[in-house]
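Each remark here refers to the structure printed beneath this line.
The values are calculated or read from the model by the stated rules, or taken from the named source; none is laboratory data. Here the structure is a predicted model, which is why all the values come from computation and not from measurement. Cβ sites come from the backbone with ideal geometry, for glycine too, and all protein chains shown count toward neighbours.
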Amino acid sequence: MVLVVGELLANAITHGEPLVRLSLWAGADELCVRVTDHGPGQPRHLDLGVEAVHGRGLTIVAALADDSGVIPLPDRPGKTVWARWRLPHRNLIPSGEHGTTPAPDD
């Protein structure tokens, strides 16, 4: 997630206005990040060769997040770029006394 947040912030600062908004939140079953800027351009996924140094940010985000996208701002220049990860369901973790004893020292 740290790499995704870094990519989204770097893109917003490089290609948008200097002031950006970062939002992070976690729900019961997901973790989300949004970065909003007021720059005039809209990000695009680029199909670059393996030697490319720039232009890989959204490709990295799409590869590391479970879902991602871009939402243009409706009333002014800018956009929100977001990424989301699904969290494991909490009911899959056993509850009760089982598994609470530390492993013995050897």
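Numbers for the structure displayed
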item	result
Selection count where residues are within 18 Å of residue 71 (Cβ to Cβ) and out of contact with any Lys or Arg (no Cβ under 9 Å at 6 or more places or on another chain), scope the range 20-44	3
Among residues of the range 22-66, those that are modelled with pLDDT of 85 or more, closer than 14 Å to residue 80 by Cα and surrounded by fewer than 15 Cβ atoms within 10 Å (Cβ to Cβ), counted	3
